[in-house]
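The values are calculated or read from the model by the stated rules, or taken from the named source; none is laboratory data. Please read these numbers as outputs of a predicted model, since none were measured by experiment. A quick note on method: Cβ atoms are made from the backbone with ideal geometry, for glycine too, and the neighbour counts reach across all protein chains shown. Note: areas computed on protein heavy atoms with side chains; ligands, DNA, RNA excluded. Shrake-Rupley method; radii C 1.70, N 1.55, O 1.52, S 1.80 Å.
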Amino acid sequence: MYTDGGARGNPGPAGVGAVLMDERGKVLQEVSEYIGEQTNNFAEYEALIRALRAAKKMFGAKLRGMQIEARLDSELVVRQLSGLYKVKEPTLKLKFAEVARLRLEDAPNMIFTHVMRGKNAHADELVNKAIDTYFAKAS
């Protein structure tokens with residue numbers, strides 16, 4: 001899975017994007033949702049959480065036995081989830097705990113990989129689509 005979160009301003013209007021793929025690169029599902037006024041880092045965590053929920057809904061109990069690579073362009077979030085950095089910000093601690101719970105219960109064979117922004121373009125497009133769609137509906 002590729003996940004991305006972003007905010008226009010920090011904090012600002014934020015969205016999440018995720019692309020769930022099989023091992024051959026076939027897109028199985030996309031997630032693109034507006035999440036309100038948030039920080040970039042909050043949105044990065046929320047994108048991963050929503051991708052995990054989508055995968056659980058898609059695969060059910062089979063998800064526990066699957067090998068999952070989550071690819072994020074947020075080096076901070078990848079290092080926090082990998083245990084290299086401490087999570088200091090209180091709202092991110094809650095998101096970190098939620099990812100840990102989902103991983104423990106549903107996706108124990110998950111690894112986190114940092115990818116350069118260019119390799120995460122599809123998820124980034126979904127973030128911008130979510131924010132743009134929200135503002136188009138609001139006007």
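List of remarks:
- Answer residue from segment 99-139, given it is among the small types (Gly, Ala, Ser) and outside any helix (DSSP H, G or I) and is most open to solvent (accessible area, probe 1.4 Å) among those: Ser139
- Residue-level check: of (1) in contact with a His (Cβ under 6 Å, 6 or more places away or on another chain); (2) under 25 Å from Tyr134 (Cβ atoms), Ala47 misses just (1).
- Scanning segment 37-53 for residues that are farther than 15 Å from Leu126 by Cα and open to solvent by 10 Å² or more (accessible area, probe 1.4 Å) yields Glu37, Gln38, Thr39, Asn41, Phe42, Arg53.
- Exactly one residue among Lys88, Lys62 is part of a helix (DSSP H, G or I) and more than 22 Å from Gly15 (Cβ to Cβ), and that residue is Lys62.
- Unmet requirement for Ile68, which otherwise passes all of (1) free of Cβ contacts under 8 Å to residues at least 60 places away in the same chain; (2) over 12 Å from the mean Cα position of the chain (by Cα): (1)
- Selection status of Val27, closer than 23 Å to Met116 by Cβ and buried (at least 20 other Cβ atoms within 10 Å of the Cβ): no
- The residue list Leu102, Leu84, Leu94, Leu52 contains one member that is under 27 Å from Asp132 (Cβ atoms) and without any contact (Cβ under 8 Å) to a residue 60 or more places away in the chain, which is Leu52.
- Test: residue in segment 84-91 that is more than 18 Å from Val16 (Cβ to Cβ) and within 16 Å of the chain's Cα centre (by Cα): no
- Residue within segment 67-86 that is more than 16 Å from His114 (Cα to Cα), touching a helix residue (DSSP H, G or I) at 6+ places or on another chain (Cβ under 8 Å) and open to solvent by less than 60 Å² (accessible area, probe 1.4 Å) present: no
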